[in-house]
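Any read-out appearing in this document is the output of simple, stated calculations on the displayed coordinates, not a laboratory observation. Just so we're clear, the structure is a prediction, and the values are computed from it rather than from any experiment. Note: ideal-geometry Cβ built from the backbone for every residue, glycine included; neighbour counts use all protein chains shown.
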Amino acid sequence: MFKHTLRIFHVAGLLLAFALSAASAEPVKIVAFGDSLVAGYGLDAGKAFPEQLQGALDAQGIDAVVENAGVSGDTTSGGLARLDWSTPADTDIVILELGANDALRGISPDITRAKLDQMLASLKARGIDVILAGMLAPPNMGPDYAEAFNPIYPELAAKHGVTLYPFFLDGVTTVPGMTLEDGMHPNDAGVAEMVKRFLPVLVQAIEARKGA
């Protein structure tokens, strides 16, 4: 009887180990959730940020899948409304990039903060890791607007304990040859530069997720 019980526990242990191994073998599922900066406004197919990010991960042999959940023109209010159906249940990491259109439209920073706060709380409650992509107010909005808008991202990242990427357009904004003719959206080279700078942060998040 004792030996029979041991065999049962042994088989159960093997099954559990197999299940854990199978789970760990699944690719890390990443959703890039944002506006036109994610969607790939003005770019050829396959040149958007998520697609170039996927290529960079593949080049390093990292087993991860990046989904493009960018909607051009989206605001934080629009993002909150579509968050649940845009991030499937098996999502591991969300790159949350929203707020640029709020600033361009002069939406109250209090609204932007509240919507991002709700999204971060919702994702955290679902066990999804987040990299919060920061944004800066355009200079033409004035110093008072910037003073209220710019601290939103570091403060919310600290509040929710998520990774902050301080400025999503780092290396692109005001850099010659990195944007489309509108001077705001990155061109192919601009996206490549964004991916190069963002990649180490994402790799660290993937490794932390796999080790959790």
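Only aspartates and glutamates eight or more places from Lys159 in sequence, or on another chain, were considered; those with a Cα closer than 12 Å are Asp117. Scaling the Cα radius of gyration of the stretch 103-192 by the globular reference 2.2 N^0.38 Å produces a ratio of 1.19.
Which pairs, out of Lys47/Lys196; Lys29/Lys196; Lys124/Lys210; Lys124/Lys196, put more than 23 Å between their alpha-carbon atoms? Working shown, then result.
On the way: Lys47/Lys196 14 Å; Lys29/Lys196 20 Å; Lys124/Lys210 17 Å; Lys124/Lys196 27 Å.
Distance filter (> 23 Å) returns Lys124/Lys196.
Relative to its residue count, the stretch 23-69 spans a Cα convex hull of 61 Å³ per residue.
What does the charge dipole of the chain about its Cα centre add up to, to the nearest 20 debye, if the Cβ of each Lys and Arg holds +1 and the Cβ of each Asp and Glu holds -1?
Values: 15 positive and 25 negative charges, 210 e Å.
My answer is approximately 1000 debye.
According to the Cα-based calculation, Rg over Rh for the stretch 87-134 is 1.02, with Rh computed by the Kirkwood formula. The packing ranking, built from the mean of other Cβ atoms within 10 Å per residue, places the peptides 185-194, 108-117 in the order 185-194, 108-117, highest first. Give me the base-10 log of I(q)/I(0) for the chain at each q in 0.09, 0.16 Å⁻¹, Debye formula, one uniform scatterer per Cα, rounded to two decimals. Debye intensities relative to I(0), on a log10 scale: -0.39, -1.05.
Charge tally around Thr174: other residues with Cβ under 14 Å, Lys/Arg +1 each, Asp/Glu -1 each, net -3. Here, the stretch 61-114 has an Rg and a Dmax of 13.2, 43 Å when only alpha carbons are counted.
Nearest 500 deg cm²/dmol is fine: what mean residue ellipticity at 222 nm does the chain get from its DSSP H runs of n ≥ 4 alone, each adding -39,500 (n - 2.57), divided by its residue count? Let's see the in-between values first.
On the way: 9 runs with 112 residues, N = 212.
Only helices count here, giving -16500 deg cm²/dmol.
In terms of overall dimensions, the C-alpha atoms belonging to the stretch 55-146 reach 45, 29, 19 Å along their principal axes, ordered largest to smallest.
Across the stretch 154-212, the convex hull enclosing all Cα atoms gives 84 Å³ per residue.
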